[in-house]
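Here's the structure we're looking at; comments come further down.
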Amino acid sequence: EDILLLNANAVKEILTKVDRKILTAALKGTSEQLKNHMLQAMSQRGADMLREDMEALGPIKIREVEAAQQQIIAVIRQLESEGTISLKGAVGEQYVL
């Protein structure tokens with residue numbers, strides 16, 4: 001859900017690194033808000049194709065969805081460690097006043 005706090009450029013960077021099958025499975029088990037956030041970073045044609053892929057996938061086991069989501073999280077962490085994207089402030093950092 002922290003992906004919702006990323007800007008479109010960061011989401012596009014993630015999408016270029018994640019395999020389409022993994023993305024399809026991971027998004028199948030997420031909220032509509034998160035799906036829309038990811039799809040908005042794609043071309044209209046790409047987003048339509050991904051929606052069709054999700055519908056065609058049919059029922060999928062929760063553990064497969066979670067495994068796909070973990071792979072995406074690993075990609076995000078790698079991109080952050082490389083300095084390509086930044087999650088600073090996006091992961092609910094707390095401040096002391």
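The values are calculated or read from the model by the stated rules, or taken from the named source; none is laboratory data. The structure presented is a predicted model; accordingly, all values stated were derived computationally and were not measured. Every residue, glycine as well, gets a Cβ built from its backbone with ideal geometry; the counts of neighbours run over all protein chains shown. For the accessible areas, the whole protein counts, side chains as well, though only heavy atoms, and no ligand, DNA or RNA atoms are used. Shrake-Rupley method; radii C 1.70, N 1.55, O 1.52, S 1.80 Å.
Just to verify a result, which residue in segment 8-18, among those that are charged (D, E, K, R) and in contact (Cβ under 8 Å) with a residue 40 or more places away in the chain, is least open to solvent (accessible area, probe 1.4 Å)?
E13
Identify, please: which residue in segment 23-34 is under 10 Å from the mean Cα position of the chain (by Cα) and within 19 Å of K61 (Cβ to Cβ) and is, among those, most open to solvent (accessible area, probe 1.4 Å)?
Ranking the qualifying residues of segment 23-34, first place goes to T30.
Can we say E66 is under 14 Å from the mean Cα position of the chain (by Cα), open to solvent by 40 Å² or more (accessible area, probe 1.4 Å) and farther than 17 Å from S86 by Cα?
yes
Please tell me if L97 is loosely packed, with under 11 Cβ neighbours inside 10 Å and either modelled with pLDDT of 90 or more or out of contact with any Asp or Glu (no Cβ under 6 Å at 6 or more places or on another chain) (or both). Spell out the reasoning first.
Numbers: loosely packed, with under 11 Cβ neighbours inside 10 Å: yes; either modelled with pLDDT of 90 or more or out of contact with any Asp or Glu (no Cβ under 6 Å at 6 or more places or on another chain) (or both): yes.
Criteria met by L97.
Residue by residue through segment 19-57, note down the ones that are in contact (Cβ under 8 Å) with a residue 12 or more places away in the chain, more than 24 Å from L87 (Cβ to Cβ) and aliphatic (A, V, I, L, M).
Of everything in segment 19-57, those that are in contact (Cβ under 8 Å) with a residue 12 or more places away in the chain, more than 24 Å from L87 (Cβ to Cβ) and aliphatic (A, V, I, L, M) turn out to be M54, L57.
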